[in-house]
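The values are calculated or read from the model by the stated rules, or taken from the named source; none is laboratory data. Values in this document were obtained by computation on a predicted structure and should not be read as measured data. Backbone-built Cβ (ideal geometry, glycine too); neighbour counts: all protein chains shown. Please note that ligands, DNA and RNA were not included when accessible areas were found on the heavy atoms of the full protein model with its side chains. Shrake-Rupley method; radii C 1.70, N 1.55, O 1.52, S 1.80 Å.
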Amino acid sequence: DKCAHLRLACETEPKPYYTSKLWWCGITLLGLGEVGNVTAYGFAPIALVAPLGCVSVIGSAFISILFLKKTMRAADILGGTLTVTGTYLLVTFAPSVPQELTARQVQNYLVSWPFLVYLILEIIIFCILLYFYKRKAVKHIVVLLMMVALLASLTVIAVKAVASMITLSVKGKMQLTYPIFYIMIVLMATSCAFQVKFLNQATHLYEVTAVVPINFVFFTTSAIISGVIFYREFQSAALLNVFMFLFGCLLSFLGVFVIARNKKEEHLQIPFIDCGHIPGQKLTGKIQPDSHSSCYGTLNNEDDSVKSQS
């Protein structure tokens, strides 16, 4: 998408971005990626799928080097190495639990006391953060992304339930007639909409290079916790497996922070328009005066000669 925008900006007669075939190609690939991501929740534990989002950070870094001609930094190599190592540990030590969830199982999980306690705590924390955000105008990046993470934990629970029930229905075990399926769809759509709202606010107020790694850490942590509590993914896991899995998460977090650290956003530079030589006057400075100077829009004292001639 960014490559398409840069190409359009360099044209003599810029066209709307939606007329670009390259832009539509990028949007299609993004859509297919999200469909694949949702489908993965139907076949793998949340604790495995959520942290693997770090692979997209590595992919974005190397794609920007190939297509946007950015220079590869030592931080990119170090961050990529840490992330790949963490990903290997995640895949190796991820919990292995049955992933075919029926509608009745989802209903039982939904009314279990661990999840109800977790849901009540989430609602309380979210209301406190929302109070500071709305009433006290506290728009710190942690407050905004914490609200996004709390909503994301509900989103991944709903996404996994919906994906699992659709998968079973395709295999012949119809699950779409249960009301819980449609409840989960509503929960998924609502939580996603509010996530976008707060994430948009965070990207408006702060640099993307700060938002991306913090959001990744918060989202992954909340997703893993929700998977542990709602779907009981680490219920029968060995202590060593849990430790190595958490160590893999830590390496992935460090890798994402290293890649995003000190990476500044690039903005298109508007070229300076040379108006040519002004007859009868020597050009000793800029043609356009500094807007911050006290004499903007007025003549300088040294231009008395021009005054007298007029």
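Quick one: would you say Thr28 is at negative phi, open to solvent by less than 90 Å² (accessible area, probe 1.4 Å), modelled with pLDDT of 65 or more and of a type in the set (Val, Ile, Thr)?
yes
Among (1) open to solvent by 60 Å² or more (accessible area, probe 1.4 Å); (2) closer than 28 Å to Tyr231 by Cβ; (3) modelled with pLDDT of 70 or more, there is one condition Gly59 misses while meeting the rest; what is its number?
Answer for Gly59: the failing condition is (1).
Only one of Phe181, Phe234 is assigned to a helix (DSSP H, G or I) and not small (Gly, Ala, Ser); which?
Phe181
Is it the case that Tyr182 is hydroxyl-bearing (Ser, Thr, Tyr), in contact (Cβ under 8 Å) with a residue 60 or more places away in the chain, farther than 29 Å from Glu207 by Cα and open to solvent by 20 Å² or more (accessible area, probe 1.4 Å)?
No.
Of the conditions (1) more than 14 Å from the chain's Cα centre (by Cα); (2) open to solvent by 60 Å² or more (accessible area, probe 1.4 Å), Val196 satisfies every one except a single condition; which number is it?
Result: Val196 fails condition (1) only.
Residues checked against (1) surrounded by fewer than 17 Cβ atoms within 10 Å (Cβ to Cβ); (2) touching a residue at least 12 places away in the same chain (Cβ under 8 Å):
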{"site": "Met174", "(1), (2)": "yes, no"}
{"site": "His204", "(1), (2)": "yes, no"}
{"site": "Val208", "(1), (2)": "yes, yes"}
{"site": "Thr220", "(1), (2)": "no, yes"}
